[in-house]
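S.K.: Quick one: the structure is below, questions incoming.
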Amino acid sequence: MFNKAILHLDLDSFFASVEILKNSVLKGKPVIIGGNSRRGVVASCSYEARRYGVHSAMPMHMALRLCPDAIVLRGDMESYSKYSKLVTEIIADEAPLYEKSSIDEFYLDLSGMDKHFGCYKWSKELREKIIKNSGLPISFGLSVNKSVSKVVTGEFKPNGAMQIEPGQEKPFLSPLSTRKLPSVGKQTYKKLSFMGVRTIGVLSDIPARLLEREFGKNGVTLWKRANGIDNSPVVPYTERKSISTERTFSKDTINVTKLRNLIAGMAEQLAFQLRQSKKLTSCITVKIRYTDFNTYTKQCRIPYSASDRVLRDKAHDLFEKLYDRRQLVRLVGVRASGLVNGSYQINLFDDTLKEVSLMQQMDHIRNRFGKGAIMKASGMGVGVRVEPFLNPFAKG
């Protein structure tokens, strides 16, 4: 029987590691990346800070209470994006097939390579090359599928490497907490614990039908992953994807306030769409078509983000540079491109816990009642339609 070989690579405490690389004085010290104010949230932290119980998405005031001697840094997404790109280029040069799962996480399909090189040996050499060329610590897990490999990486962090041989998935997973399974969040873990299911081994013995009854479709996924089953493929990585929205006016306008509000609303709608798709954008473009049908665009590269504030402010800046106030406007549009998988929280260095909570609550309302159910006052009346992701490899 042919066994697949899936490698999971994860840069250890990525943001903190980049900061330590830039400033060696920080090495061995508890470092927290996030908002400077006590009202901010933790985006990332070093392993020294984690020993005190600090973790990402924790309110900054709580993190400082647990670790009062921590060094708090605002974070530099430009640097993080730069190092992420560097590591991506190294992997792209070496790997037969890879997926960039997030700014600091990768999956590689090495199936069949054992005939020629030896997957584990090849993986170790790739890891050493990444460390040598980037200066950053990185861990990996190797197994027959993505979910097991991800768990393996987590168990052998930081700066570790391990392979789980085919057929050993269940023995490896069984004693571990259910919280370590991919897709098991706080609420699912809480419900499983209430059911008395605290280890993956116990979870694997529960009939799939029972889990489906309790958790819906996710219950079947839980059962499969608890039993070391995951058939999800490694999806070839490309940054040539984008989402966009535009609005053609029934009557050409020169109302600057209206145009600014529309741009703001469009940017926020795109940010919401990115968060729902678990994507981050690295390029924003604003488009204007005048009454004479002449069309102009202006774009700028940005650190990976899906934050309302970041996208709105950048779109406004581009609009101000692009707009010619002497002409009536027929159409405006906003596009987000250079997309990668990732969670929007990692870019909220300036946002307070209140702002993060507001964004999450607005997303919840949109998910329940529709994208246009709620928006900030500046974007009222926008009613934009977000175009779907464009796949350059799609046929037709």
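The values are calculated or read from the model by the stated rules, or taken from the named source; none is laboratory data. Computed from a predicted model, the values in this text were never measured in an experiment. So basically every Cβ, Gly included, is an ideal-geometry build from the backbone, and we count neighbours across all protein chains shown.
S.K.: Is it true that LYS190 is among the basic types (Lys, Arg) and under 27 Å from GLY118 (Cβ atoms)?
M.R.: Details: among the basic types (Lys, Arg): yes; under 27 Å from GLY118 (Cβ atoms): no.
Considered against the rule, which asks whether it is among the basic types (Lys, Arg) and under 27 Å from GLY118 (Cβ atoms), LYS190 comes out as no.
S.K.: Could you pull out the residue among THR281, THR257 that is assigned to a strand (DSSP E or B) and either touching a residue at least 40 places away in the same chain (Cβ under 8 Å) or of a type outside the set (Phe, Trp, Tyr) (or both)? Working first, answer last.
M.R.: Details: THR257 fails: assigned to a strand (DSSP E or B).
It is THR281.
S.K.: Still on this structure: Which residues, counting only those in the stretch 156-177, are in contact (Cβ under 8 Å) with a residue 24 or more places away in the chain and over 22 Å from the mean Cα position of the chain (by Cα)?
M.R.: Result: ALA161, GLN163, PRO166, GLU169, LYS170, PHE172, LEU173, SER174, PRO175, LEU176.
S.K.: Let me ask something else about it. So which of VAL144, VAL72 is in contact (Cβ under 8 Å) with a residue 12 or more places away in the chain, in contact with a strand residue (DSSP E or B) (Cβ under 9 Å, 6 or more places away or on another chain), over 24 Å from SER232 (Cα atoms) and hydrophobic (A, V, I, L, M, F, W, C)?
M.R.: Details: VAL144 fails: over 24 Å from SER232 (Cα atoms).
Of VAL144, VAL72, the one residue that is in contact (Cβ under 8 Å) with a residue 12 or more places away in the chain, in contact with a strand residue (DSSP E or B) (Cβ under 9 Å, 6 or more places away or on another chain), over 24 Å from SER232 (Cα atoms) and hydrophobic (A, V, I, L, M, F, W, C) is VAL72.
S.K.: If you take just the strands (runs of 3 or more DSSP E) that sit entirely in the stretch 5-46, which of them hold at least 1 residues that are under 17 Å from LYS157 (Cβ atoms) and small (Gly, Ala, Ser)? Before the answer, list the steps.
M.R.: Numbers: elements: 6-11, 31-34, 42-45.
Ranges flagged: 42-45.
S.K.: If LYS321 meets every condition in (1) of a type outside the set (A, V, I, L, M); (2) under 30 Å from ALA43 (Cβ atoms); (3) touching a residue at least 40 places away in the same chain (Cβ under 8 Å) apart from one, which number is that one?
M.R.: Of (1) of a type outside the set (A, V, I, L, M); (2) under 30 Å from ALA43 (Cβ atoms); (3) touching a residue at least 40 places away in the same chain (Cβ under 8 Å), only one is false for LYS321: (3).
S.K.: Also, I was wondering about something else. Inspect all residues belonging to the stretch 83-94 and state whether any of them is assigned by TED's automatic domain parsing to the domain that holds GLY154 and in a loop (DSSP other than H, G, I, E, B). Even if it seems obvious, please write down each step before you answer.
M.R.: So in the stretch 83-94, the residues assigned by TED's automatic domain parsing to the domain that holds GLY154 come out as 83-94.
Now restrict to residues that are in a loop (DSSP other than H, G, I, E, B): none.
No: zero hits.
S.K.: Answer yes if at least one residue in the stretch 39-54 is within 22 Å of SER149 (Cα to Cα) and either in the same structural domain as LEU280 (by TED's automatic domain parsing) or aromatic (Phe, Trp, Tyr) (or both), and no otherwise.
M.R.: Within the stretch 39-54 (the criterion being within 22 Å of SER149 (Cα to Cα) and either in the same structural domain as LEU280 (by TED's automatic domain parsing) or aromatic (Phe, Trp, Tyr) (or both)), the answer is yes, since at least one residue qualifies.
S.K.: Would you mention how many residues in the stretch 255-293 are out of contact with any Asp or Glu (no Cβ under 6 Å at 6 or more places or on another chain), modelled with pLDDT under 90, surrounded by fewer than 16 Cβ atoms within 10 Å (Cβ to Cβ) and not hydrophobic (A, V, I, L, M, F, W, C)?
M.R.: Here the count works out to 4.
S.K.: Among the candidates VAL234, VAL197, single out the residue that is touching a residue at least 24 places away in the same chain (Cβ under 8 Å) and buried (at least 18 other Cβ atoms within 10 Å of the Cβ). Show your work before the answer.
M.R.: On the way: VAL197 fails: touching a residue at least 24 places away in the same chain (Cβ under 8 Å).
Just a single option satisfies the conditions, and that option is VAL234.
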